[in-house]
Amino acid sequence: MALALPSRAYDLQMLDRPADRARDQGWVYGLPPGISSEQWPLDPVTGYPLMHGFTLRLPEDYRVHGEDIVAVSFFATAPDHNDGGAPDDPEIREAVMAGPSHPRLSRMTDILNYEYAALLLTKAEYDGAFATPPAPLALATADRPRWLDVGGASAFFEAAAPYARKMFAGAPRADLTETRAIALSPRASDPNAGKGPQDEYTSRVAPTGYQPYYYYVGGVPGRDNFRLHDWSKDHAHNHLGGTMRPCQAVPEMSPFYIEFEEYFGGYNFGGGNAQLDFKDMKFDWACG
């Protein structure tokens, strides 16, 4: 039976403390749970393991893949491997694609041909021990990414712009297991919960009833007429479902998506943000 569309959207907050699985909704940085090293996705561009960005335990109304799939782990190109466009080494790519993989692995590629991945996790996997990153392919020639030595949190803090460092009260521990907890809270008001995001002017599919978070006074576009809807003013930047606030165009996605900022895992989005549709396994980001 198909899952009903969610009636709520949720704000996600990265707390300034390590995660506690018993009370938190997941974690940012650190390591993924419950998988073997062989199941950790390698980067087809470099041959190194992709960097774990976050693992989110899904509330019941967002378990679109069935009640047994309770979480999603997101992996990305390390920011120090993301600079100007991905080189292509067919030998590395073929070796990565021929290797073992997790049974619920989805791979995605961005406009610069860099690689991302998502794993859908069972409860047993989510509750499992942290995974150990695999060794890079023997073919790998790129510089070793910093996160493999100090952990994603510390690597991001070292390289982050001043505005991003403000997300931390102090420098994170230099450790692969260092995490930051995720807290989840329902949005008080979001008319777009359960609606697929789309741009009313460029969409090629049937209207979903999705509304932008802004409007123009008198219906006349222009900087002086731009206003935020009252219902959108307290929405967090990181969130699950509901109203999207991308840095550029609205990517068409299902209602089952996560929007997140660079610090929510430590990426290079050119100062922008990203969206992961974990139902249809689409990924998009845009610079700020």
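Expressed in nm to one decimal, what extension gain is obtained for the pair R8 and V205 from 0.36 nm per residue of sequence separation less their Cα-Cα distance?
68.6 nm
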Report, in deg cm²/dmol and to the nearest 500, the calculated mean residue ellipticity at 222 nm for the chain, where each DSSP H run with n ≥ 4 adds -39500 (n - 2.57) and the sum is divided by the residue count. -2000 deg cm²/dmol
Cα-Cα over 26 Å, subset of K195/K233; K166/K195; K195/K282; K123/K166; K123/K279: K166/K195; K123/K166
Which value in nm describes the separation of the simple spin-label points at F226 and M97, placed 7 Å from the Cα toward the beta carbon? 4.1
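What order, most packed first, do the peptides 23-35, 73-85, 6-18 have when packing is the mean number of other Cβ atoms within 10 Å of each residue?
23-35, 73-85, 6-18
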³J(HN,Hα) across region 276-284 via Karplus (A = 6.51, B = -1.76, C = 1.60, θ = phi - 60°), whole Hz, x for Gly/Pro? 10, 8, 8, 8, 9, 6, 10, 9, 8
Residue-ordered couplings for region 249-254, obtained by feeding phi - 60° into the Karplus form 6.51 cos²θ - 1.76 cosθ + 1.60 and rounding to whole Hz (Gly and Pro as x), are 5, 7, x, 6, 9, 6
Tell me which residues come under 5 Å, amide H to amide H, from L31 once H is placed; ignore anything under 5 positions away on its chain. none
Separation of region 239-288 and region 19-75 by C-alpha centroid, Å? 16
Per residue solvent-accessible surface (Å²) - region 167-288, probe of 1.4 Å: 47
For region 233-239, 3J(HN,Hα) per residue [Karplus equation, 6.51 cos²θ - 1.76 cosθ + 1.60, θ = phi - 60°, Hz, x = Gly/Pro]: 5, 9, 6, 6, 5, 9, 7
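Taking 30 Å as R0, compute the FRET efficiency from the Cβ-Cβ separation of A174 and D83 and round it to 0.05.
0.85
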Amide proton proximity set for H229, modelled H, under 5 Å, gap of 5+: Y214, Y215
P(r) histogram, all alpha-carbon pairs of the chain included - 5 Å bins from 0, percent: 1, 6, 12, 16, 19, 17, 13, 9, 5, 2, 1, 0, 0
Amide H neighbours of N238 under 5 Å, counting only residues 5+ apart in sequence or on other chains, H built in-plane at 1.01 Å? L12
If you wrap a convex hull around the Cα atoms of region 216-283, how much volume per residue is inside, in Å³? 117
From zero outward in steps of 10 Å, how is the percent of C-alpha pairs of region 145-254 spread across the bins? 12, 30, 27, 22, 9, 1
Leaving out ligands, DNA and RNA, and with a 1.4 Å probe, what % of the accessible surface on region 123-238 is carbon or sulfur? 54
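The values are calculated or read from the model by the stated rules, or taken from the named source; none is laboratory data. Keep in mind that this is a model prediction, so the values were computed, not measured. We place every Cβ from the backbone using ideal geometry, glycine too, and count neighbours over all the protein chains shown. Remember, those area values only see protein heavy atoms, side chains included, never the ligands or the DNA or RNA. Shrake-Rupley method; radii C 1.70, N 1.55, O 1.52, S 1.80 Å.
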